[in-house]
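Below you'll find the structure, written out as structure tokens, and then a few comments.
Derivation of every value follows stated rules applied to the coordinates shown; laboratory data play no part. Here the structure is a predicted model, which means the values were calculated and not measured. In this analysis, Cβ positions are derived from the backbone assuming ideal geometry, glycine residues included, and neighbour counts consider all displayed protein chains.
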Amino acid sequence: MGGNLGNVRDTFHSAVHLLEKELGSVILQSADYVSEPWGFESARQFLNKVVEFQCTLAPLQILEITQRIEKELGRTHKSTNGYCSRPIDIDILFYNDFIVSCEILSIPHPLLHQRRFTLEPLMEHWAELVHPLMSMTIKELHHQCCDNSQVTKFAGSYSLVP
């Protein structure tokens, strides 16, 4: 998940709580990471986090739940013609080793290997996870990533609240 509007840490806490109620138990979660905006210009940095859930729902059911929770937590629209600032964005990065490709959902997330802000948090607990399409571990993808944007573990010294 990521966001850069409002009190993102509180929004993440609420999102994890709501997701846990609907998806199942949290297995692991990364620390929060601060990153530069990716794919657009903004003066506001992003906070990012990866959370793994124990879930038996189908991927499209999970997508429906995550989109509803985004709206509950203040997201007013999805980025369709370019990226923009937002209070929260919940992406499905992986679902075990499933591959899903349809008009509204792609799993694994098609850009995760290009984004340092997803790879850094994944390195915490999932470094040996193998990307089912690329047959590479997160560690290998991280090493090969061409994204040079700054991503640092949140240390409480960044102001993300307007």
- Between Val26 and Arg9, what length comes free when the chain is fully extended (0.36 nm per residue of separation minus the Cα-Cα distance, one decimal in nm)? 4.4 nm
- Note on the structure: Note to self, the chain gives a 222 nm [θ] from helices alone (DSSP H runs n ≥ 4, -39500 (n - 2.57) apiece, / all residues, nearest 500) of -9000 deg cm²/dmol
- Query: What relative contact order, as a whole-number percentage, does the chain give when Cα pairs under 8 Å and 6 or more residues apart are counted?
  - Reply: 30
- Query: What is the sum of charges around Lys49, taking Lys and Arg as +1, Asp and Glu as -1, for the other residues whose C-beta is under 12 Å from the C-beta of Lys49?
  - Reply: -4
- Task: Sticking with the crude label model, points 7 Å out along Cα→Cβ, report the distance from Cys102 to Gln144 in nm, one decimal please.
- Result: 2.9
- Short version: ³J(HN,Hα) in whole Hz for each residue of the range 135-152, in order, from phi by Karplus 6.51 cos²θ - 1.76 cosθ + 1.60 (θ = phi - 60°), x for Gly and Pro, what are they? 6, 10, 6, 4, 4, 5, 5, 4, 5, 8, 5, 8, 6, 9, 5, 6, 10, 10
- Message: With the cut-off at 1.5 for a/c, could you classify the range 1-151 from its C-alpha gyration tensor as rounded, prolate or oblate?
- Response: rounded
- Quick one: net charge around Arg9, please, counting Lys, Arg +1 and Asp, Glu -1 for every other residue with C-beta under 10 Å from its C-beta. -1
